[in-house]
Amino acid sequence: MPNPSTPDTLLETLTSLSLGEITLSQAAGELDSTVDDLAEFIEANPALVEQADARAQLQRTDPRRTIERSHRGLSAAVEHLSARIESEGGDMAVSELVQGAKTLESLVGFAKAQEMALKGERKVEEKLPLLIQDRRVQGKIRIFLIPTDSPMWIDASVPEHQAPAFNWLETFAPLNADGEILRVTELLDGHVRVMTETGLLLGGA
């Protein structure tokens, strides 16, 4: 027989189990039960299981959960790509770097779209890093990753930070006559990472 600290704990654990967020053995551990006892309890209490399934279904269709999962996925992708570049950047093909950038860009765009859809319901406080591709010079691609704590981070969901009213590249990374970025030191001091078309990564974490 499960022994949860509160009735709500039991329902929350069964809901997580229904969502596939935890395994049966993990659920048993959270409820101070054995796997066999929990399985018997679930079989003997179909009404409670049905309630947990209903809660799980609501959570699956809740856009807040989609945003949270998108943010977690984005953070994991950024960490993975950054770690790969740190350790294998010199061996990665340009196509791999570009594909990674596109993947991150898609994640940012999806999460932002979901966030904006909820603007009328509640303000989502969590920030997302910015990923910006620079193709201003033919044959070159630069990828900027701007962390949320950078002074160069902007809220791209607000109109005043969107084209044509605002251009991040022209504001923070203008080019000189030779097509090279000015203010590189300022960018790096702002913890912005800059990846060149050759895969060279500039900037700290």
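Any read-out appearing in this document is the output of simple, stated calculations on the displayed coordinates, not a laboratory observation. Just so it is clear, the structure is predicted and the values come from calculations on it, not from any experiment. Cβ coordinates were reconstructed from backbone atoms using ideal geometry, including for glycine residues, and neighbour counts include every protein chain displayed.
Among 153-159, 128-134, the peptide with the highest mean count of other Cβ atoms within 10 Å heads the list, and the full ranking is 128-134, 153-159. Projecting the Cα atoms of 17, 31, 56 onto the charge dipole of the range 7-60 (Cβ charges, centred on the Cα centre) puts 56 farthest toward the positive pole. Distance between the pseudo-spin-label points of residue 185 and residue 169 (7 Å out from Cα toward the beta carbon): 2.5 nm.
When only the Cβ of Lys, Arg, Asp and Glu is charged (+1, +1, -1, -1), the dipole of the range 144-205 relative to its Cα centre reaches about 100 debye.
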